Structure formats: C-alpha cells, structure tokens
Amino acid sequence: MGAADVVPGVSGGTVALVLGIYHRLISQVSAGAHVLGSAAKFDLRTAWARLRQLDWRFLIPLLAGIAVAIIGLASIIERLLDTQPIRMAALFFGLVMGSVVVASRLVQGWDLSRVLIGLATAVVTFFVLGLQSGPVNDPALPIYFVAGAIAICAMILPGISGSFLLLMLGMYDNVLGAVTDRNFLILAVFIAGCVIGLAAFSQVLHWGLVNHERTMLAALIGLMLGSLRVLWPWPDGTAGNAALEMPSGDVIVPLVVAVVGFVLVLGITAISERVAHRSDADLAAELGED
C-alpha cells in the first residue's frame with residue numbers, strides 16, 4: 001500500500017482490495033473515527049476503551065509496512081517515473097487491470113443494476129480525472145482544510161490517488177511547498193482536514209460495505225476502471241494528462257511490462273488465497289482435535 005501511495009494515479013486501497021484486507025481496513029478506520037468522536041466530546045474514558053479495542057495486531061504491521069515502503073521506495077519510484085515514465089505507467093496500468101479482474105470475482109452475483117453502477121462510475125471517473133484545475137494562488141487556511149478532507153478519501157478508495165486529487169484541486173504545489181518550507185501552521189490545518197475527512201468518509205464507506213456490499217464493490221471496480229485514464233502510458237506516462245494518444249514509439253516493452261504487472265497481481269492473489277485456505281484448514285484441524 002505504501003508503494004502504491006507513492007505513485008500518482010495509484011491507490012493503496014487497490015492493493016488492500018486485491019490482498020483481501022479491504023473490509024478489515026475500512027472497519028478499523030471506521031472504529032478509529034468513533035475514538036475521535038468520543039475524544040471530541042471529551043469523553044476520554046470511552047475514547048480510551050474504544051482505542052484499546054482497535055485491532056492493533058493488524059494496524060501496527062500495516063502502518064509500519066506503509067511507512068517503510070514510502071521511506072524506502074519513494075526516491076526509487078520517483079527516479080523511475082522520471083527516467084522511464086512510459087514503461088512505469090504501463091506497469092501500473094497492468095497492475096490496476098489485474099486488480100479489476102480480482103475485484104470482479106468478489107462480486108458474487110453480477111446483475112444488470114450492478115453492471116450499470118460499475119459502468120456509470122467508470123465513465124464519471126474517467127471524465128472527472130480529465131479535468132485539471134490551475135494552481136490556486138495564496139489559498140486561505142480553510143482551503144487547505146477542505147483539500148485535506150477531500151484528498152484523504154483517496155487513501156481508502158481503490159483507483160484514485162490523493163496526489164492526483166490535489167492536482168485537480170490546484171493545491172498540489174501549495175501543499176508540497178508547505179512541506180518543503182516546514183510551514184507547520186498550514187500542515188496542521190491540512191492534517192486536521194485529513195483526519196476529519198477520513199473519519200467522516202470511512203463511516204459512509206463502512207455502512208455501504210456492511211449493508212450493500214456487492215453494489216459498493218461494483219462502484220469501487222468502476223472507480224478503478226475509470227482511473228486507468230491517468231495511467232495510460234502514452235504520450236508521456238503517468239503525468240495525469242487529459243490528452244490520450246494511440247500507442248507510438250516505445251510500444252513493445254511497455255506492453256510486455258503491462259502483461260507482467262497483470263500476471264503479477266493474479267499470482268499474488270492466488271498465493272494469498274492459498275495461504276488463507278491453508279490457515280483455515282489448520283484452524284479447523286485444531287478445533288477438531290479439541
């Protein structure tokens with residue numbers, strides 16, 4: 001997830017969905033929102049009790065892995081995006097296409113309504129991602145708050161990256177500049193927006209997955225399909241350009257790389273399913289012995 005979040009146009013939520021931890025992730029984020037809610041009401045006893053009930057055996061390794069990947073891979077991926085933009089875009093395109101295939105298997109019982117929801121979401125996402133705003137000059141502090149609240153939603157949505165949402169809002173350079181200049185006031189407001197936005201949006205997403213799981217998954221698959229627009233390798237890779245061109249120039253190697261990415265996702269999914277099946281079998285055997 002950390003490696004995916006480094007790349008413009010790729011979401012860590014896509015990785016979570018492929019590896020089968022998406023529901024668990026959303027559940028924990030939603031539970032964390034309840035902790036914040038209790039703390040905001042100064043009900044510290046309830047907040048502490050809810051904090052202790054979080055699945056830390058899941059969250060600590062996950063957050064540590066994300067942090068290690070971002071720290072260790074950010075410079076490598078950034079350099080590859082600069083030197084091999086078309087081939088890297090092709091790799092991510094193949095990865096997301098493989099993720100779409102894997103996610104589609106989770107929707108057991110496709111019907112016309114879910115197909116239409118998936119297609120409509122894909123079309124809307126495709127056209128929305130073609131829109132880009134110019135940079136916002138000297139934005140007020142509340143604008144940073146709103147930008148953070150919107151961009152953080154991409155963290156738990158497959159197919160959309162927070163960095164690209166900031167580009168669409170015209171706030172990417174401003175936020176990056178605040179980080180570079182160590183403007184802690186702006187960063188604090190931005191982070192506050194992220195926290196509030198994540199807490200609110202996770203509640204909606206958790207409710208949808210609990211009550212309308214297949215419909216929500218169909219919409220999430222549509223998001224991934226539509227997001228392929230910003231990963232189309234031509235003309236110049238993952239730049240998020242509105243312009244899309246037919247393959248030209250460097251074509252063969254990017255196609256091979258895309259196929260490798262596609263197969264890689266299917267292979268990782270097969271391995272994770274086998275491990276999960278083996279773990280379930282071991283647990284059943286232990287229960288039988290008892």
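Please treat every number below as a calculation from the coordinates, not as lab data. Being a predicted model, the structure only gives us computed values, none of them experimental. Because the Cβ atoms are built from the backbone with ideal geometry, glycine has one as well, and the counts that use them run over all protein chains shown.
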* Any number yet on Rg/Rh for the stretch 1-74, C-alpha, Kirkwood? -> 1.07
* Structure fact -> From fewest to most C-beta neighbours within 10 Å, the residues S75, S202, S38, S99 line up as S75, S38, S202, S99
* In terms of the Cα gyration tensor, with a ≥ b ≥ c the square roots of its eigenvalues, is the chain rounded because a/c is under 1.5, prolate because a/b exceeds b/c, or oblate? -> oblate
* Structure fact -> Treating only Lys and Arg (+1) and Asp and Glu (-1) as charged, each at its beta carbon, one finds that the chain has a dipole about its Cα centre, in Debye to the nearest 20, of 400 debye
* In a Debye calculation with equal point scatterers on the alpha-carbon sites of the stretch 13-119 and no solvent, what is log10 I(q)/I(0) at q = 0.19, 0.22 Å⁻¹? -> -1.05, -1.15
* Two decimals is fine: what's Rg over Rh for the stretch 51-200, C-alpha atoms, Kirkwood radius as Rh? => 1.00
* Amide H neighbours of L129 under 5 Å, at least 5 residues apart or on other chains, H built in the peptide plane: list them. => none
* Across all directions of projection, what mean area in square nanometres is found for the Cα convex hull of the stretch 177-275? -> 10.6 nm²
* DSSP H helices in the chain with Cα extent of 18 Å or more along the helix axis and mean Kyte-Doolittle hydropathy at least 0.0? -> 22-40, 56-83, 85-106, 112-128, 184-211, 213-227, 252-289
* Structure fact -> Given 119-127, 192-200, 13-21, the highest-first ranking by average Cβ count within 10 Å works out to 13-21, 192-200, 119-127
* Shape call, the stretch 80-140: gyration tensor on alpha carbons, a/c limit 1.5 -> oblate
* Asked: Given G109, G193, A16, which one lies farthest toward the positive end of the charge dipole of the chain, if we put +1 on the Cβ of every Lys and Arg and -1 on the Cβ of every Asp and Glu?
  -> G193
